[in-house]
1. For segment 258-441, what is the largest minus smallest coordinate of the Cα atoms on each principal axis, given in angstrom and ordered from greatest to least?
2. Give, in nm to one decimal, the length gained when the segment between Val469 and Thr75 is fully stretched (0.36 nm per residue of separation minus the Cα-Cα distance).
3. Please compute the modelled spin-label separation between Ala444 and Ala57, points set 7 Å along Cα→Cβ, answer in nm with one decimal.
4. So for segment 258-441, averaging the separation of alpha carbon pairs under 8 Å that are six or more residues apart and normalising by length, what relative contact order in percent results?
5. Just how large is the dipole of the chain about the Cα centre, in debye to the nearest 20, putting +1 at every Lys and Arg Cβ and -1 at every Asp and Glu Cβ?
6. With each label point set 7 Å from Cα along the Cα-Cβ vector, what nm distance links Tyr403 and Glu322?
7. Out of residues 5 or more away from Arg393 or on other chains, whose amide H comes under 5 Å of its own, with H placed 1.01 Å from N in the peptide plane?
8. Sum -39500 (n - 2.57) across every DSSP H segment of at least 4 residues in the chain, then divide by the residue count to get the 222 nm mean residue ellipticity, nearest 500.
Amino acid sequence: MASAKHGKKLRIMLIPFFATSHIGPHTDLAVRLAAARPDAVELTIAVTPANVSVVRAALQRHGASAVRSAVKIATYPFPAVEGLPPGVENLTTAAGDAWRVDAAAIDEALTRPAQEALIRELSPDAVFNDVHFFWNLIVANELGVPCVTFSVIGPFSTLAMHHLVRTIDGEDLIFTGFPGSEIRIPRAELPEFMRCPQKQDQFKPSWTSRSFGIAFNTFLDMEGQYYELYQCHGNAKHTYFVGPLSLPLPLPPVGATAGESSCISWLGSMPSCSVVYVCFGTYASISDDQLRELALGLEASRKPFLWVLRADGWVPPAGWEERVGKRGMLVRGWAPQTEILSHSSIGAFLTHCGSSSLLEAAAAGVPMLTWPLVFDQFIEERLVTDVLKIGERVWSGARSTRYEEQVTVPAEAVALAVARFLEPGGTGEAARVRARELAVKAHAAVAEGGSSHSDLCRLINDLIEAKEVAGGGDTIVAGGRW
């Protein structure tokens, strides 16, 4: 096994994208790295000032431990953007200004200077970079240190978006080269950059092939059949499956926060596998008309529900809360999703199919009702429904990744999907069996000796060996010393 040369620890810097759905997994990865080899690594997460609280909240989930305290936070300034109020630096909290945050994040001229200055100032031994910030690979190469790409999107969606599609009849696309049965997707359900070729220069998958390697927040029993396929396409020198990162470490937890108690205590009053948990993530917008239909559909399903809503100013239909009564709970803002999903009363997760939410549900053994909204979520849905078979769609009518093309799903369709999926002996039963089997494998993967834990240790050892080689001046790769 490789060891840190002369007892000096490997200093790793992680640089996540400006969104909670990226900052959280990067923080979880830092904690996992520290837990795997506390004797060998030092971790620093680099974020803009307004995102420090997001890192701290993610660290808090891992309890008051030496591992958590081993992860440091460094800051760099958010770029000045015309029309963007000070302190708005996260897609999750930007509301109507989210597009400005996104545009600034992927603009090399705006974001690179501050990130590069921090990398050069702290001079880490390795950089873990979000897929959006391709320029940090260049910076790391110039400094002669390895750069690992960390992707919160799994290899299934990554391969589908960048390599394995061909047009069918001008409308549908088919994923080619995938194992198993044929997978099709309408053009309307593709990410915008795939629908508009002129936008493809915003996404540079070829950069990952020039990095030291790529780490995915997934595990072999979930997406292992795409491991070799990803390697065969020359996407990375090394591939590591290190998830699910959301699973808690085997450490004593801190006490529950006040924000957790109302949700969890309400769930405790419900029968096993009876509640549908509804949450559409932290980014995509949903119209007021659609929220109304969703509310009426949940009411008409006659099934218990816990609905986490992030829509400022929206008011339920008149009399809705009185009619629903104690059968439903509406939570505005943040909720402890991993704890909710692991509760025995949860019978299904109505989800937008964001990568992190999908993985958290799989790790908890909860089957899914899928309702994708944007970007790669329609592709991720295929992994749930067509490959893993741990869920089914809420709506089979016309759908689109573009907000202006989205059709309002009627309350009747919502009610039918929820009631049918949660009915004893209904369509959700077989999906639940498969989901629980997958959850057992997820926990085994991150346990000591499991596939993800082994990949995590292999990643650290590979980086330590690269550092030792660079120190000896023996190897030059892509303009940098590794």
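1. The principal-axis extents, from largest down, are 44, 39, 31 Å.
2. 138.8 nm
3. 3.5 nm
4. 26 percent
5. Value, rounded to 20: 900 debye.
6. 3.4 nm
7. Distant-sequence amide H within range of Arg393: Thr370.
8. -11500 deg cm²/dmol
Here, each number is a calculation from the coordinates, and none is a lab measurement. Keep in mind that this is a model prediction, so the values were computed, not measured. Methodologically, a virtual Cβ is constructed for each residue, glycine included, from the backbone with ideal geometry; neighbour enumeration extends over all protein chains shown.
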